[in-house]
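The values are calculated or read from the model by the stated rules, or taken from the named source; none is laboratory data. All values derive from a computational prediction rather than experimental measurement. Heavy atoms of the whole protein, side chains included, go into the accessibility calculation; ligands, DNA and RNA do not. Shrake-Rupley method; radii C 1.70, N 1.55, O 1.52, S 1.80 Å.
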Amino acid sequence: VLAQKTAGDLMAEFDKASSLKERVDICYSISIYYSSRLKVDSALFFANKIKEISTPTNYESGFAKYYFATGAALKMRRKTGEAITNLNKAISIFTKEKDHLFLGKTYRTFASVYVLDGNYDLARENYRLAIANSAIAGDDNVLIREYEEAASVFSRALDNDSAIIYLTKGLAIAEKIKHQGSIFLLAGSLGILFLDGGDLYKARYFLEYSFK
């Protein structure tokens, strides 16, 4: 949904929103939208807007999304310590609320913070937590991306066997939901890893499969 809407579209929805949850979710989406486009000041503005509208009623879910959006924005500025502090606060609330969807999203962002910091051990640990929570939430589209990103971290650490396992799991989900773009990327990545490992039969199989 986020990829299909501009910030302007989301702002128009905010003006029409009737509930606190709707307004919080829209501000969260706008903040993440701007973070993904490296517009950090705008991302932080809308993260702070979440806090502003959540404070009068002490809306805990709103505070969690404020911390998450703030951490995601600060990650883009390579403010690792501040990003981790905010993400930990978000995880604390999401855990209390048993919000596995947002726990998955937060742990995934945590993992990406550690990737940028070059700490691949903690990145792998947080991808495992992201995958576990996204699986409980049944978020297949996010799961595919988490498996792909986790595989990339394992590959960077020269653990191609684990990378192949994660890519294979991601590919199975992509096949289940018939996501052709992900099938192409994951099968192609498997083909390259098998080629690097000298398994020409499997390399050819997955590279040909990726183009079917």
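Here are the numbers:
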quantity: Full-stretch length increase - Arg77, Tyr205 - with 0.36 nm per residue and alpha-carbon distance subtracted; calculated: 42.0 nm
quantity: Length gained when the stretch Lys178-Asp161 is fully extended (0.36 nm per residue, less Cα-Cα span); calculated: 3.6 nm
quantity: Volume of the Cα convex hull of segment 30-74, divided per residue and given in Å³; calculated: 48 Å³
quantity: Surface/4 estimate of mean projected area, convex hull on alpha-carbon atoms of segment 16-99, nm²; calculated: 5.2 nm²
quantity: Residue-normalised accessible area of segment 1-155, given per residue in Å² at a 1.4 Å probe; calculated: 48 Å²
quantity: Rg/Rh ratio calculated on Cα atoms of the chain (Kirkwood radius); calculated: 1.02
quantity: Principal-axis tilt of helix 120-137 within the chain, Cα atoms, nearest 10 degrees; calculated: 70 degrees
quantity: Total lysine pairs under 20 Å (Cα atoms) in segment 58-182, excluding pairs fewer than 8 apart on one chain; calculated: 15
quantity: Portion, in percent, of the accessible area of the chain that falls on carbon or sulfur, probe 1.4 Å; calculated: 54 percent
quantity: The chain - mean residue ellipticity at 222 nm from DSSP helices (-39,500 (n - 2.57) per run, n ≥ 4, rounded to 500); calculated: -27000 deg cm²/dmol
